[in-house]
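Here is the structure we will look at.
The values are calculated or read from the model by the stated rules, or taken from the named source; none is laboratory data. In this text the structure is predicted, and so the values were computed from the model without any measurement. Using ideal geometry, Cβ is built from the backbone for each residue, glycine included, and neighbour counts are taken over all protein chains shown. SASA here: full protein model, heavy atoms, side chains in, ligands and nucleic acids out. Shrake-Rupley method; radii C 1.70, N 1.55, O 1.52, S 1.80 Å.
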Amino acid sequence: MLEPGVEARPWDEQLALDDESYRAQLAYLLERSSFYRAKLGAAGVESAQEAGGLGEIARLPLTEKREVKETCTADNPFGAHLCASASEIVRIYSTSGTTGTPSFVPLTAGDFENWVATSARSYAASGVTAGQRIVSTYNAGPWVAGAALAAFDRIGLCHIPVGTGNSERLVVAIERLRPEAAVLTPSYAAYLVEWASERGVDLAASTVERVLVAGEPGGGEPAFRAKLEAGWGGLVTEAMGIGDIGVSLWGECEQQDGMHFGARGFVHAELVDPETGAAVELRDGARGELVLTHLRHRAAPLLRFRTRDHVEVKTSPCRCGRTGPRVRCIGRTDDMLIVRGVNVFPSAVREVVSEFAPRVSGHILVRPRVPGVKQDPPLPVTVELGRDAAPEDALAEAIRARLRNVLVVQTSVELVPWGSLRRSEYKSTLVQH
Ligand SMILES: [Zn+2]
């Protein structure tokens, strides 16, 4: 552990400390943020005392990304939740988001430090240690991922930035520089396994022992993970963040049983029902949308921010000694479809289909027949066959039956030959409207 005193702190003690930070953060918001003064005022909260502590946080309104964006003006491109003065801001990132135009994320020096500390805890959980080499494939550029890369210096790793879009260069770097770890999106990690095997390169025989995946859901799906681990011959662990709140907020340890909360002390996590917004208790096995609140943020703090990430919670003790709840991302609420009242995540469809490997490649595409979230069954799913696999009706039927049993959804399955579905060197598209 990078910071055992923090990461293994009993969770009750963490929450008591967070309660103090939260009360101070609320007072700061009410003093400096016109957005939250108006929003909390409309909810009948005029002072931090009236809002109470973390135990009462569910009484406060949720914040949607859209609301914040709507307050951006020519004079204030960040939004009315901005609290810091221009002279305090030392870094401005952009988030591409999954919808709409980019937004700007300002940070003070302290905010940046907390982001790096968070990200370092999350990535160190995977087992990478000082003195090792790590090759990274993120084109950090304007994006918040740049702060995650700073975490590698903090851990003491030798960082080899290679960037996205040049698999040849990446493989040469792996072969010549012999790194112990690689960090990439799960889609790119899968792409490289195929890319390398088609060129007679055995990634599993490389020096890479740890594959750190982040940037999209998928790294935690058992069948998909097994495929990556076989292809790379290493341990796959995942990390997750959200640009508006922080990078790599969560990171998985070597036990591979959900992501630990690296942002503890800086951010508070809650779950809500994605349809009603009602609070869902953070107990073992609970599922819901992740809602995050900054506890010690200065530039543009957010309160009860809806991440649109749908997660499952684990609270059982972890053998690594880190305390607190862990999560596994099931999918993005934005990708979710509702088929006759049942919530269906395309990433969950891929997870079930991947059980049929090697007869399937693991690439799928959900093709809703009508625009929008609500769909009538059967939901069309295109499934790519494995290399040399035959398009047998019995296989399509077995996949259909398995999807019905596991996800309670009626589908129609179309099998297509190996190589038919587009590969991604960044993030995969699983739904095509
Ligand atoms: Zn652990």
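Please indicate, with yes or no, whether at least one residue in the range 54-66 is among the small types (Gly, Ala, Ser), modelled with pLDDT of 95 or more and part of a loop (DSSP other than H, G, I, E, B). Among the residues of the range 54-66, not one is among the small types (Gly, Ala, Ser), modelled with pLDDT of 95 or more and part of a loop (DSSP other than H, G, I, E, B), which makes the answer no. From the list Gly277, Gly324, Gly285, the one residue that fits, being outside any strand (DSSP E or B), within 16 Å of the ligand (Cβ to nearest atom) and either of a type outside the set (Ser, Thr, Tyr) or closer than 23 Å to Arg350 by Cα (or both), is Gly324. Consider Arg37 carefully, then state whether it is in contact (Cβ under 8 Å) with a residue 12 or more places away in the chain, farther than 22 Å from Arg308 by Cβ and of a type in the set (Lys, Arg). It is false that Arg37 is in contact (Cβ under 8 Å) with a residue 12 or more places away in the chain, farther than 22 Å from Arg308 by Cβ and of a type in the set (Lys, Arg). For the residues Ile57, Ile89, the requirement of being touching a residue at least 60 places away in the same chain (Cβ under 8 Å), open to solvent by less than 60 Å² (accessible area, probe 1.4 Å), of a type in the set (A, V, I, L, M) and within 16 Å of His297 (Cα to Cα) singles out Ile89. Residue under question is Arg306, and the condition is that it be modelled with pLDDT of 95 or more and more than 16 Å from the ligand (Cβ to nearest atom); does it hold? Criteria met by Arg306. Going residue by residue through the range 22-31, is there one that turns out to be touching a His at 6+ places or on another chain (Cβ under 6 Å) and either assigned to a helix (DSSP H, G or I) or of a type outside the set (S, T, N, Q) (or both)? There is no residue in the range 22-31 that is touching a His at 6+ places or on another chain (Cβ under 6 Å) and either assigned to a helix (DSSP H, G or I) or of a type outside the set (S, T, N, Q) (or both).
Taking the criterion of being farther than 23 Å from Glu216 by Cα and crowded, with 19+ Cβ neighbours inside 10 Å, the residues of the range 159-200 that qualify are Ala173, Ile174, Pro179.
Of the residues in the range 401-414, at least one is free of Cβ contacts under 8 Å to residues at least 12 places away in the same chain and within 28 Å of the chain's Cα centre (by Cα). Among the residues of the range 312-321 satisfying the criterion of being within 10 Å of the ligand (Cβ to nearest atom) and among the hydrophobic types (A, V, I, L, M, F, W, C), which is surrounded by the fewest Cβ atoms within 10 Å (Cβ to Cβ)? The qualifying residue surrounded by the fewest Cβ atoms within 10 Å (Cβ to Cβ) is Cys320.
Residue pairs whose Cβ atoms lie under 9 Å apart, separated by 6 or more positions or on different chains, with the first residue in the range 309-331 and farther than 19 Å from Gly265 by Cβ and in contact (Cβ under 8 Å) with a residue 60 or more places away in the chain and the second of a type outside the set (D, E, K, R) and within 12 Å of the ligand (Cβ to nearest atom), are Arg319/Cys253; Arg319/Gln255; Arg328/Gly258; Arg328/Met259; Cys329/Trp250; Cys329/Met259. Residues in the range 201-223 that are more than 19 Å from Ser119 (Cβ to Cβ), in contact with a Pro (Cβ under 8 Å, 6 or more places away or on another chain) and open to solvent by 10 Å² or more (accessible area, probe 1.4 Å): 1 in all.
When the range 247-266 is filtered for residues that are near the ligand (Cβ under 9 Å from one of its atoms) and charged (D, E, K, R), the ones remaining, listed by number, are Glu252, Glu254, Asp257. Taking the range 339-369 as the range and being modelled with pLDDT of 90 or more and among the β-branched types (Val, Ile, Thr) as the test, the residues that pass are Val339, Val344, Val349, Val352, Val353, Val360, Ile364, Val366.
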